Amino acid sequence: MSAPGVRAGDPGASYDVVVIGAGIQGLSTAYELAKRGVRRIAVLDRAWPGGGASGRNGELIRSIFSSPEWVGLFDLSLRRWHDLSAELDMNVLFSPSGYLVLASTDEQWANCERDHAYHRSEGVDSDLLSHADVLALVPALNPEIVRGGIVQPSGGFAHHDAVNWAYLKAGARHGVEVYCDVTVTGLTTAAGRVTGVQTSRGPIAAGLVLNTAGGNALDVNAWAGITLPMVTSRLEMLVTEPLAPFLRQGLAALALLGYCHQTARGEFVGGTERHHVDESRSQNSTWDLLADMATKWVSLFPLLSGARLLRHWAGTVTQAADLAPVIGSVPDVDGFVMSCGWVYGFMGAPGASTLLAEEIVSGTPSPILAPFSPRRLVEGRLIAESSLVVPTGEDPA
């Protein structure tokens, strides 16, 4: 494959760090490690860089969440997004055009008021919008679905392909080796320590193995003898033909379990979820979700009625019950670190990879990452976050 940092031939016999999965988590963490002086890093992917959820997501970026844990991690990431193009020396097409969290019910509006007060106390930029304010900002919205909302002026969206490519280029400049069409089939262990990986190209020894395998991360954990209460699920998106500009901001519609934005070319990009977790490893899109998306988006933006569909796709992620990422090492399993459980992984990658690389190199735990440790799932310490637009339970009766 002709891409920066992607090597032809077989990987070497040993590395200081082997990263499983060349999505945005793997590529960004490999770059951050190399930037901090780790010289022998290999990123392995069974397909191509960004071929999983990192190239199939909604591209949206914000930090206006409701919990201290999510705000702490994602506000760092948002700040990183604003400087990312300059740092990686490539335009990641980040558009800081704002991010609107739309409330449609009195309960959601009350949550917005509470969250806005918290944002102000923490210095996170957000503005509370009334019904009239929201419609003045986005006149195309159906007023019957608008109660109010919160907007983050510094939020927005970026282009996932440009971001993946930029991390590839930046990693290559620091010596990161990326190998495609290499399937990891197992881990090598000795005395409770992970010492390498088994692959379709042969065994590779490693001082550290990092699991950033996205929808396949639970298999990698299992090879290390790690079982956590997580599932693999499928999310779907659609893109319409180019339309006249009507949506400048990224938008999360809480009542619809939906998220969307409009590209510079005018395409409407959006995804919605049902009220149950779609446990599946299939990347095949479905008619049921297409109908759900079309119905919800036309109800929110009536002008979309009759718009032609260009593309419709699915991607898989792993998720915990609280939908928060699972980052860090596991007690009694040395030489192995995970960064999985990412449902909001695209927006969180720049911050999480920075902190995780610092933690790995320094050996000092990150207080921002600590709440997302794998141990929390074992101990039942779930993170309560009320501003998400991904389902956690079953369809309501």
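The values are calculated or read from the model by the stated rules, or taken from the named source; none is laboratory data. These numbers come from a predicted model, not from an experiment. Here Cβ is always computed from backbone atoms with ideal geometry, including for glycine, and neighbour counts include all displayed protein chains.
Checking THR240 against (1) buried (at least 17 other Cβ atoms within 10 Å of the Cβ); (2) within 19 Å of the chain's Cα centre (by Cα); (3) of a type in the set (Val, Ile, Thr): exactly one of these is not met. Which one?
(2)
When the residues of segment 21-48 are filtered to those that are part of a loop (DSSP other than H, G, I, E, B) and under 15 Å from the mean Cα position of the chain (by Cα), which remaining residue is nearest to LEU78 (Cα to Cα)?
This residue is GLY23.
Name every residue in segment 262-272 that is within 18 Å of the chain's Cα centre (by Cα) and crowded, with 23+ Cβ neighbours inside 10 Å, in order of residue number.
GLY270, GLY271, THR272
Tell me, yes or no, whether segment 5-12 has at least one residue that is touching a helix residue (DSSP H, G or I) at 6+ places or on another chain (Cβ under 9 Å) and either outside any helix (DSSP H, G or I) or within 30 Å of PRO143 (Cα to Cα) (or both).
Yes; the residues of segment 5-12 include at least one that is touching a helix residue (DSSP H, G or I) at 6+ places or on another chain (Cβ under 9 Å) and either outside any helix (DSSP H, G or I) or within 30 Å of PRO143 (Cα to Cα) (or both).
So, of the residues in segment 348-389 that are polar (S, T, N, Q) and part of a helix (DSSP H, G or I), which turns out to be nearest to ASN211 (Cα to Cα)?
SER353
If you take the residues in segment 72-122 that are closer than 17 Å to GLY156 by Cβ and of a type in the set (Val, Ile, Thr), which one is surrounded by the fewest Cβ atoms within 10 Å (Cβ to Cβ)?
Once the filter is applied, the top-ranked residue is VAL92.
Exactly one of (1) at pLDDT 95 or above; (2) over 30 Å from ILE226 (Cα atoms) is unmet by ALA324. Its number?
For ALA324, the failing item is (2).
Can you name every residue in segment 175-188 that is buried (at least 18 other Cβ atoms within 10 Å of the Cβ) and out of contact with any Leu (no Cβ under 9 Å at 6 or more places or on another chain)?
GLU177, LEU187
Just to be sure, is SER373 at pLDDT 95 or above, closer than 21 Å to ALA206 by Cβ, of a type in the set (S, T, N, Q) and buried (at least 17 other Cβ atoms within 10 Å of the Cβ)?
Here the answer is no, as SER373 does not meet what is asked.
Residue pairs, Cβ under 6 Å, 6 or more apart or interchain, first in segment 1-21 and basic (Lys, Arg), second not in a loop (DSSP other than H, G, I, E, B). List them.
Filtered contacts from segment 1-21: ARG7/GLU177; ARG7/TYR179.
Out of all the residues in segment 157-170, which are small (Gly, Ala, Ser) and out of contact with any Asp or Glu (no Cβ under 9 Å at 6 or more places or on another chain)?
ALA162
When the residues of segment 136-187 are narrowed to those that are among the acidic types (Asp, Glu) and part of a helix (DSSP H, G or I), which ends up nearest to the chain's Cα centre (by Cα)?
Selected residue: ASP161.
State which residue pairs qualify: first residue free of Cβ contacts under 8 Å to residues at least 40 places away in the same chain and inside segment 44-65, second residue assigned to a loop (DSSP other than H, G, I, E, B) and surrounded by fewer than 24 Cβ atoms within 10 Å (Cβ to Cβ) in any location, beta carbons under 9 Å apart, and separation of 6 or more residues or different chains.
Short answer, once both residue conditions are applied: GLY51/CYS180.
In segment 51-62, how many are surrounded by 24 or more Cβ atoms within 10 Å (Cβ to Cβ) and out of contact with any strand residue (DSSP E or B) (no Cβ under 7 Å at 6 or more places or on another chain)?
1
Give the number of residues within segment 312-344 that are part of a strand (DSSP E or B) and either over 14 Å from ASN57 (Cα atoms) or touching an Asp or Glu at 6+ places or on another chain (Cβ under 9 Å) (or both).
Selection size over segment 312-344: 19.
Out of (1) within 15 Å of PHE301 (Cα to Cα); (2) among the hydrophobic types (A, V, I, L, M, F, W, C); (3) in contact (Cβ under 8 Å) with a residue 60 or more places away in the chain, what's the single condition that is false for ALA244?
(3)
Kindly indicate the residue of segment 287-316 that is touching a residue at least 60 places away in the same chain (Cβ under 8 Å) and more than 23 Å from GLY52 (Cα to Cα) and also surrounded by the fewest Cβ atoms within 10 Å (Cβ to Cβ) among those meeting that condition.
ARG308
This table checks each residue for (1) farther than 27 Å from SER386 by Cβ; (2) modelled with pLDDT of 95 or more; (3) among the charged types (D, E, K, R).
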residue	(1), (2), (3)
TYR259	no, yes, no
GLN262	no, yes, no
GLU267	yes, yes, yes
GLY270	no, yes, no
GLU279	no, no, yes
ASN284	yes, no, no
ASP288	no, no, yes
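Looking at (1) closer than 27 Å to PHE268 by Cβ; (2) β-branched (Val, Ile, Thr); (3) buried (at least 21 other Cβ atoms within 10 Å of the Cβ), which one does THR354 not meet, given that it meets all the others?
(1)
What single numbered condition from (1) over 16 Å from the mean Cα position of the chain (by Cα); (2) in contact (Cβ under 8 Å) with a residue 12 or more places away in the chain fails to hold for SER362?
Every listed condition holds for SER362 apart from (2).
Within segment 219-235, track down each residue that is under 15 Å from VAL19 (Cα atoms) and either of a type in the set (A, V, I, L, M) or loosely packed, with under 15 Cβ neighbours inside 10 Å (or both).
Answer for segment 219-235, where residues must be under 15 Å from VAL19 (Cα atoms) and either of a type in the set (A, V, I, L, M) or loosely packed, with under 15 Cβ neighbours inside 10 Å (or both): VAL220, ALA224.
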